[in-house]
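The values are calculated or read from the model by the stated rules, or taken from the named source; none is laboratory data. The model shown is predicted, which means the values in this text are computed figures rather than measured ones. Heads up, the Cβs are rebuilt from the backbone with ideal geometry, glycines too, and the neighbour counts pull from every protein chain shown.
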Amino acid sequence: MRAICLGGGPAGLYFAISLKLRQPEADVTVLERNRADDTFGWGVVLSDETLDNLEVNDPVSAREIRSHFAYWDDIALHHKGNVIHSTGHGFCGIGRKRLLLILQERARALGVNLQFETEVKDASEYMDDYDLVVASDGLNSRTRMEFEETFKPDIDVRRCPFVWLGTHQKFDNAFTFIFEKTDKGWIWVHAYQFDKDTATFIVECSQETFDAYGFGEKTQEETIAICEEIFKDHLDDHKLMTNASHIRGSAWIKFPRVLCEKWSHQNVVLLGDASATAHFSIGSGTKLAL
């Protein structure tokens, strides 16, 4: 068996690990255009159920992942000065970079060939040389578009703009939702801890509020200054941070809901966000291959 994964995010890496566990003799390669420690997200959230599945599938990587998790059971909703708690949910967060490094190390130990800073060609150029081509090439999947007539993707760009930020403020006791009414409209946050010092801080609003603030014409620094002022009562003097300095101007985006009628074409298979997306508000923005 010769398999190649086009994309070295969590989905592609975990698939490579899973295949090698089942077929140690398999020749498995992962291609990634970025460097090994490049990442443009903040944290990843997994549920207790997902952690249990990881443990069953590969106890070695599961134990290492667990050792770096921030755990919480509660969801906290802040609205008009009130806080509503819901408990018993069982979530945990880990830094995306930390998760990638753990999976890379495990993949190497199992004999997976990892190739970074490598431009990935069209999937069709690998189909004759490999028994299986796994398209783990993300939200803007080149493979999904190459075989669009087969996969039949349905992409619905949702209406609310959002921006991924981080902070050293602690949100380590709950998956936190904060709603603030401003003179330009409602704006809200999804926040969660993913290591001992850092939390993801996703700011979202309606298009009307976005336009009223002029976020589309503002720099990331200007966006951060506005958001720090809006959410100052929740940040306790902690700053907001961006790791999207590679993007010029505004880093606001809209969420594309991706669904595909089919996930395979001959020996090509879609995986992770290439095949389907899950909204970040449910804590499942990145899907592992289980």
Can you tell me which residue is surrounded by the most Cβ atoms within 10 Å (Cβ to Cβ) among those in the range 167-198 that are touching a residue at least 60 places away in the same chain (Cβ under 8 Å) and among the hydrophobic types (A, V, I, L, M, F, W, C)? Phe194
Hits in the range 214-234 (condition: more than 25 Å from Tyr192 (Cα to Cα) and either part of a helix (DSSP H, G or I) or of a type in the set (Phe, Trp, Tyr) (or both)): Gly216, Glu217
Within the range 14-60, take every residue that is within 17 Å of Arg106 (Cα to Cα) and acidic (Asp, Glu) and give me the one that is surrounded by the most Cβ atoms within 10 Å (Cβ to Cβ). Glu32
How many residues of the range 94-138 are assigned to a strand (DSSP E or B), touching an Asp or Glu at 6+ places or on another chain (Cβ under 8 Å) and not polar (S, T, N, Q)? The answer is 3
I'd like to know if the range 5-17 contains one or more residues that are under 28 Å from Arg142 (Cα atoms), in a strand (DSSP E or B) and not acidic (Asp, Glu). yes
Single match in Leu259, Leu270 (criterion: more than 13 Å from Pro161 (Cα to Cα) and in contact with an Asp or Glu (Cβ under 6 Å, 6 or more places away or on another chain)): Leu259
What number of residues in the range 87-119 are closer than 21 Å to Asp52 by Cβ and surrounded by fewer than 13 Cβ atoms within 10 Å (Cβ to Cβ)? 2
State which residue is modelled with the lowest pLDDT when the search covers only the range 247-290 and only residues that are of a type in the set (Ser, Thr, Tyr) and within 12 Å of the chain's Cα centre (by Cα). Thr286
Testing Val120 on (1) in contact with a Lys or Arg (Cβ under 8 Å, 6 or more places away or on another chain); (2) among the β-branched types (Val, Ile, Thr); (3) under 21 Å from Asn243 (Cα atoms), one condition comes back false. Which one is that? (3)
Step by step: first the residues of the range 167-197, then only those that are more than 24 Å from Ser86 (Cβ to Cβ) and modelled with pLDDT of 95 or more, then the one that is nearest to the chain's Cα centre (by Cα). Which residue is that? His168
Can you tell me which of (1) modelled with pLDDT of 95 or more; (2) touching a Leu at 6+ places or on another chain (Cβ under 8 Å); (3) outside any helix (DSSP H, G or I) is the one Thr39 doesn't meet? (1)
